[in-house]
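One structure below.
The values are calculated or read from the model by the stated rules, or taken from the named source; none is laboratory data. This is a predicted model, so every value here is computed, not measured. Cβ coordinates were reconstructed from backbone atoms using ideal geometry, including for glycine residues, and neighbour counts include every protein chain displayed.
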Amino acid sequence: MASSTAPSAESSEPVLAPGHTYATVTDKISAIVLRKKTGRRWWVGFLLAFFLVNVLFVSLAYLLSAGVGIWGVRTPVMWGFAIVNFVWWIGIGHAGTLISAILLLLKQQWRTSINRFAEAMTLFAVSCAGLFPLIHMGRWWLFYWLFPYPNTMDMWPQWRSPLVWDAFAVSTYATVSLLFWYVGLIPDVATLRDRARNRFAQIGYGILAMGWRGSARHWARYQTAYLLLAALATPLVVSVHTIVSWDFALAIMPGWHSTIFPPYFVAGAIYSGFAMVLTLALPLRKAYSLEDFITERHVDNMAKVLLATGLIVTYGYVMEAFFAWYGDNPYERFMLLQERPFGDYSHTYWMLIASNCTVVQILWLPAARRNVWLVWCISIVVNVGMWLERYVIIVTSLHKDYLPSSWDVYHGTFWDYATFYGSIGLFATLLFIFVRFLPVISMAEMRELVHHADEATEANPSQPAIQEGAEP
Amino acid sequence: MKPQIEARNYGLIAEFASPEELLIAAETARREGFTHLDAYTPFPVEGLAQVLEFRRNRIPLVVLLGGLAGGIGGYFMLWYATNVDYPINVGGRPFHSWPMYLPITFELIILGAAFAAVLGMLGLNGLPRPHHPVFAVPGFERATRDRFFLCVMATDPLFESGRVVTMLETLRPIRTTVVPA
């Protein structure tokens with residue numbers, strides 16, 4: 001298993017099951033949307049998610065009428081669940097663009113079957129993320145005060161504040177992710193338009209496809225634009241969580257004021273994002289029999305990314321503690337070496353360490369990376385762990401500030417939990433709708449993959465690059 | 001089967017089963033001197049745009065301009081707000097504190113360039129365009145699934161029905177169809 005031939009054997013494993021043609025990949029993926037009946041499991045899942053959306057609506061309605069006092073936030077912890085949820089969701093939203101853009105630039109062919117779906121996940125996660133800072137403002141109908149617009153007060157936003165940078169970063173990220181996703185979808189909705197049998201679907205997809213006809217000139221511009229979008233999205237995705245981390249690192253709170261925050265936040269975002277991709281992709285693969293497209297190699301690769309980013313995050317935790325010990329700042333020391341591991345929130349802290357640093361080590365074993373159930377369970381643990389991480393960072397630092405007379409212990413209230421679970425419902429509802437109405441895997445890119453596989457088989461029949469076992 | 005081609009038609013289109021056949025067909029048509037050609041494929045076929053002598057891909061320029069507009073506009077907005085319109089002296093810090101402008105400038109560069117990429121791609125491609133003559137071709141719906149089409153347009157200076165038909169037939173397409181305008 002540990003022999004030197006192992007990596008080369010792995011790299012020749014298929015990213016697409018053998019025997020597929022342009023027509024079969026197109027038909028199989030488009031059938032999920034166009035031909036298959038809406039299954040009972042879809043309805044059960046959708047209604048469950050939709051129930052949670054209604055929980056969210058009720059929570060928001062109550063919040064609107066009663067104000068943020070319904071939450072657990074009060075002096076000194078003014079950033080409670082809302083900001084924890086914001087950072088958690090925005091982190092999850094990083095995997096989509098990472099998979100789509102960075103892996104595209106690195107020519108990683110295995111990205112093809114998961115990118116569409118991961119991009120959709122990104123959009124929905126960013127939508128959930130955007131909700132929380134808005135409702136946390138209290139008077140959320142004045143959210144546009146964050147943006148520069150001509151106003152009678154002759155005021156501008158505070159340009160030197162990371163919170164304003166954050167508003168720009170997150171809204172840019174949401175916009176660019178949407179554009180990237182839509183551009184990727186254009187050839188596929190054209191396929192759906194051409195394959196749909198009912199008039200309503202033909203018109204609907206026809207409008208979305210904008211008259212795409214696959215002209216060679218169009219493809220040439222399309223490919224350039226798509227590649228440039230990927231090149232633009234790559235630094236963007238890094239910048240977003242960097243700026244989110246500045247929300248903390250530029251403050252002087254002990255436990256926040258640290259230079260390691262940007263890289264460690266970005267790694268954490270990728271960690272939680274890949275965990276969420278696995279959490280969602282594995283059941284989807286099962287439910288729609290997509291094992292031909294999302295192969296064991298995909299699961300294996302994603303598990304490796306999970307392990308690698310998990311190790312970076314662990315390094316971040318170790319360095320935070322090391323800085324505090326080495327740095328001789330009494331407040332930092334108190335917060336990182338005493339309050340976090342042994343204070344009011346020590347149970348949360350140790351749960352976070354257990355979920356983020358310990359459990360993921362199982363993925364060192366190749367057999368574990370191939371065990372779909374195990375990988376799925378680990379991905380859930382990581383999702384929970386990353387939520388706890390943000391909770392620990394935000395709440396422990398705030399609840400014992402520089403003024404001991406104001407120290408307090410923070411706990412989420414019923415409405416905090418209701419809003420959080422409601423946002424999960426919103427995310428899941430959007431995903432269910434997406435899976436039902438749009439192709440979860442890019443058909444155009446899968447056809448390209450078939451083409452490359454054919455070419456490779458023809459050029460060197462004894463060593464097929466992708467379609468292992470396709471030779472006679 | 002000899003389709004009748006008239007000047008008012010859009011052109012003549014041939015359907016192929018593989019990208020390799022389409023590439024050979026496109027090369028042949030180019031060798032024969034045809035210039036008003038287009039091909040329709042279910043995925044980008046490498047080398048096809050070059051064979052069709054498509055060189056004016058101005059997308060990179062458009063994206064550059066979009067990024068510059070976003071970046072310069074963004075930086076100007078920040079500078080104007082803090083130096084001209086509403087200067088505030090905070091602890092003697094300079095009004096033109098440019099390091100603080102960089103995050104937003106960066107985001108606006110990306111935003112401008114991304115919009116330019118998408119709108120530029122759609123605009124230069126002439127999309128959205130709900131109707132196009134080739135959509136009337138029977139079986140053209142497979143251009144987004146598994147078939148590859150080469151179209152010789154009637155606007156081509158060398159376009160003459162008999163010659164085009166003969167050329168296309170030698171390439172052994174699945175079928176050749178007249179595209180009505």
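Taking the stated definitions as given, is A:Ala101 within 14 Å of chain B (Cβ to nearest Cβ), among the small types (Gly, Ala, Ser) and closer than 27 Å to A:Ser171 by Cα? So A:Ala101 passes the test. Residue check: B:Phe76 meets all listed conditions (1) more than 8 Å from chain A (Cβ to nearest Cβ); (2) under 21 Å from A:Leu179 (Cβ atoms); (3) out of contact with any Phe, Trp or Tyr (no Cβ under 9 Å at 6 or more places or on another chain); (4) of a type outside the set (Lys, Arg) but one, namely (2).
Screening A:Trp212 on (1) over 16 Å from the mean Cα position of the chain (by Cα); (2) touching a residue at least 24 places away in the same chain (Cβ under 8 Å); (3) more than 12 Å from chain B (Cβ to nearest Cβ) shows it passes everything except condition (3). Given the conditions (1) out of contact with any Phe, Trp or Tyr (no Cβ under 7 Å at 6 or more places or on another chain); (2) buried (at least 22 other Cβ atoms within 10 Å of the Cβ); (3) at pLDDT 90 or above, and given that A:Ala418 satisfies all but one, which numbered condition is not satisfied? Among (1) out of contact with any Phe, Trp or Tyr (no Cβ under 7 Å at 6 or more places or on another chain); (2) buried (at least 22 other Cβ atoms within 10 Å of the Cβ); (3) at pLDDT 90 or above, the lone unmet condition for A:Ala418 is (2). Within the stretch B:46-58, restricting attention to residues that are out of contact with any Leu (no Cβ under 7 Å at 6 or more places or on another chain) and at the interface with another protein chain (Cβ under 7 Å from one of its Cβ atoms), the residue that is farthest from B:Val137 (Cα to Cα) is B:Asn57. Of all residues in the stretch B:74-89, those satisfying the criterion of being out of contact with any Ser or Thr (no Cβ under 9 Å at 6 or more places or on another chain) and exposed (fewer than 14 other Cβ atoms within 10 Å of the Cβ) are B:Phe76, B:Tyr80, B:Asn83, B:Val84, B:Asp85, B:Tyr86, B:Pro87, B:Asn89. Summed over the stretch A:58-69, the residues that are under 26 Å from A:Met386 (Cβ atoms) and either in contact with a strand residue (DSSP E or B) (Cβ under 7 Å, 6 or more places away or on another chain) or at pLDDT 90 or above (or both) give a count of 3.
Condition (residue is in contact with a Pro (Cβ under 6 Å, 6 or more places away or on another chain) and surrounded by fewer than 24 Cβ atoms within 10 Å (Cβ to Cβ)) applied to the stretch A:225-240: is it met by at least one residue? No, because not a single residue in the stretch A:225-240 is in contact with a Pro (Cβ under 6 Å, 6 or more places away or on another chain) and surrounded by fewer than 24 Cβ atoms within 10 Å (Cβ to Cβ).
Among the residues of the stretch A:364-373, those identified as in a helix (DSSP H, G or I), hydrophobic (A, V, I, L, M, F, W, C) and more than 20 Å from the chain's Cα centre (by Cα) are A:Trp364, A:Ala367, A:Ala368, A:Trp373. Any idea which residue in the stretch A:20-36 is farthest from A:Arg197 (Cα to Cα), counting only those that are within 12 Å of chain B (Cβ to nearest Cβ) and assigned to a loop (DSSP other than H, G, I, E, B)? Residue satisfying both the conditions and the ranking: A:His20. Here the stretch B:85-101 is the region considered, the condition is being in contact with a Phe, Trp or Tyr (Cβ under 9 Å, 6 or more places away or on another chain) and in a helix (DSSP H, G or I), and the residue that is farthest from the other protein chains (Cβ to nearest Cβ) is B:Trp98. Restricting attention to the stretch A:154-174, does a residue exist that is farther than 28 Å from B:Gly67 by Cβ and part of a loop (DSSP other than H, G, I, E, B)? Yes, there is a match, as at least one residue in the stretch A:154-174 is farther than 28 Å from B:Gly67 by Cβ and part of a loop (DSSP other than H, G, I, E, B).
Determine whether the stretch B:57-65 contains at least one residue that is at pLDDT below 85, within 23 Å of the chain's Cα centre (by Cα) and not small (Gly, Ala, Ser). Yes. Taken across the stretch A:90-112, residues that are surrounded by fewer than 15 Cβ atoms within 10 Å (Cβ to Cβ), at pLDDT below 85 and either part of a helix (DSSP H, G or I) or touching a Lys or Arg at 6+ places or on another chain (Cβ under 8 Å) (or both) do occur, with at least one present. Taking the listed residues B:Phe34, B:Phe106, B:Phe43, the one that is within 9 Å of another protein chain (Cβ to nearest Cβ) and in a loop (DSSP other than H, G, I, E, B) is B:Phe43, with no other qualifying.
In the stretch A:187-208, the residues that are free of Cβ contacts under 8 Å to residues at least 60 places away in the same chain and within 11 Å of chain B (Cβ to nearest Cβ) form Cβ pairs under 7 Å with partners that are in a helix (DSSP H, G or I) and β-branched (Val, Ile, Thr), at six or more places apart or across chains, as follows: A:Ala190/B:Thr144; A:Asp194/B:Thr144; A:Tyr205/A:Val189; A:Leu208/A:Val189. Elements of the type helices (runs of 4 or more DSSP H) sitting completely within the stretch A:187-301 and holding at least 3 residues that are within 27 Å of A:Ile102 (Cβ to Cβ) and at pLDDT below 90: these cover A:216-249, A:261-287. Per the conditions (1) within 14 Å of chain B (Cβ to nearest Cβ); (2) more than 30 Å from B:Leu64 (Cβ to Cβ), the sole criterion not satisfied by A:Pro235 is (2). So B:Leu64 ticks every box in (1) more than 7 Å from chain A (Cβ to nearest Cβ); (2) in a helix (DSSP H, G or I); (3) closer than 27 Å to A:Leu208 by Cβ but one. Which box is left unticked? Only one criterion is unmet by B:Leu64, namely (3).
Quick test for you: out of A:Val409, A:Val395, A:Val384, pick the one residue that is among the aliphatic types (A, V, I, L, M), within 29 Å of A:Tyr331 (Cα to Cα) and outside any helix (DSSP H, G or I). On inspection, the qualifying residue turns out to be A:Val409.
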